[in-house]
Amino acid sequence: MTKTLYLKVTDPQKDRETIRRAARLLQEGALVAFPTETVYGLGANALDRQAVEAIYAAKGRPLDNPMIVHIAALKELGRVCRTVSPLARTLADRFWPGPLTLVLPAGNAILSVVTGGLATVAVRIPDHPVALALLQEAGVPVAAPSANRSGRPSPTRAEHVLEDLEGQIAALVDGGPCPVGVESTVLDMSGPVPRILRPGGVSLEALREVLPEVMPPRDGPLLRGETPASPGMKYRHYAPRAPLYLLEGKEQAVRRELIRLCRRYRLQGLKVGLLTAAPFEAVDGSLALDLGGRKDPGAAASLLFAALRQMDAAGVEVILAEGIPEEGLGLAVMNRLRKAAGENILLCD
Ligand code: AMP
Ligand code: MG
């Protein structure tokens, strides 16, 4: 157990000394959690093997699940990657800083503990003033997966990081809630046509504007003998403690099934949590949180992980979630909900 230093940063300019303190910890090989526009990251100097190994230990993360390397500016890309194709350069120019991670050929300095032994490395420039100030001040590439215990919903607020990792990490930089709320889009640039490995903060539609041929993510279970292109894809993820049932299909059929199942579980005496796609009057005794995803998938993205944690905190015993259309950030939201549901996906009509 270490005492986790809590560092509040409201304005990276005014709070320069605090940023310096966090950056020094990173340089010394310690673990520092920090806000990005997507979720809180658990950062370590990507060039320091022991520091990166400590991330896996703190998170309980499987060793073959590689991490995203965060850099402060385009000029640092050469420290991380062997080559950068003209197309990768175009995407970086268009979407960085921002929630797009590019999987590129790994440079010599990149440790296999960061890449999970792959020949490629995942890299991005985050679009968050606190993250950028910290990365600039640290002056090293920073490996950072989400700052949660492995398998738990990702942290979108500083208190979520403390819930999972207090006493396990040197410091937490609190920069307020993360605006996007789901992780970055991971784009594999190693094949002839770029392919989305994980949908995230940059939508498929936005990518298609620059890259019409981009391959959409392949959801669903792996076939027997198939290796996942992205190692992280094979793990259950983002899961609250209570089992989550995801209801997919037409809006009205989904709502009918939600009400029917809610009543049934209530009769069994269970505390039910509802994650709805549009406003809903809670069935007596249930906890209903409206993510508003039908009207605004971006709002659902920013609320999703906090809502899953709120369900746990309220002692909910079963969660029923309404699916939303897979448009814009809806694709990322549905990907996270399906992962959280595991096998519990019900098609309603
Ligand atoms: P996280 O750090 O928790 O946001 O997850 C990072 C995601 O990027 C995981 O799904 C990883 O499996 C994936 N990833 C990281 N590096 C690579 C890589 N070199 N090739 C393919 N996927 C990667
Ligand atoms: Mg994660």
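We did not get these values from a lab; they are worked out from the coordinates using the rules stated. Quick caveat, the model's predicted, so the values are computed rather than measured. All Cβ positions, glycine included, derive from the backbone under ideal geometry; neighbour counts span all protein chains shown.
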Extreme residue, positive dipole direction of the chain, given options P129, L275, P145 (C-beta unit charges):
P145
Qualifying GluC sites (Glu not before Pro) for the range 151-225 [loop in DSSP, other Cβ within 10 Å: at most 13]
E213
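Would you please report the Å³ per residue occupied by the convex hull of the alpha carbon atoms in the chain? Let's see the in-between values first.
On the way: hull volume 48.3 nm³, N = 349.
So the per-residue Cα hull volume is 138 Å³.
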Plugging the Cβ-Cβ distance of L347 and S112 into 1/(1 + (r/R0)^6) at R0 = 56 Å yields, to the nearest 0.05, a FRET efficiency of 0.85
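Could you compute the net charge surrounding P141? Neighbours are other residues with a C-beta less than 13 Å from the C-beta of P141; K and R count +1, D and E count -1. The partial results should precede the final answer.
Numbers: positive: K75, R79, R124; negative: D48, E76.
Net of charged neighbours comes to +1.
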What dipole magnitude, in Debye to the nearest 20, does the range 251-311 give about its Cα centre under +1 on Lys/Arg Cβ and -1 on Asp/Glu Cβ?
240 debye
Counted charge near L47, where neighbours are those whose Cβ lies closer than 14 Å (Asp, Glu -1; Lys, Arg +1)
-2
Could you list which residues have their amide H under 5 Å from that of D15, counting only those 5 or more apart in sequence or on another chain, with H placed in the peptide plane?
none
Taking the C-alpha atoms of the range 247-315, convex hull volume expressed per residue in Å³:
80 Å³
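Roughly how big is the chain's charge dipole about its Cα centre, with Cβ charges of +1 (Lys, Arg) and -1 (Asp, Glu), in debye to the nearest 20? Working shown, then result.
Numbers: 41 positive and 38 negative charges, 101 e Å.
That gives a dipole near 480 debye.
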Show me the helices of the chain, taken as full DSSP H stretches, that run 18 Å or more along their long axis by Cα and average -0.5 or above in Kyte-Doolittle hydropathy.
297-313
Determine Rg/Rh for the range 5-210; Rg is computed over alpha-carbon atoms and Rh is the Kirkwood hydrodynamic estimate from the same atoms.
0.94
One would report the antiparallel percent of DSSP beta bridges in the chain, rounded to the nearest 5, as 35 percent
Per-residue HN-Hα couplings for the range 63-68 [Karplus 6.51, -1.76, 1.60; θ = phi - 60°; Hz; x = Gly/Pro]
5, 8, 9, x, 10, 8
For the range 298-316 and the range 87-110, what is the separation of their Cα centres, given in Å?
30 Å
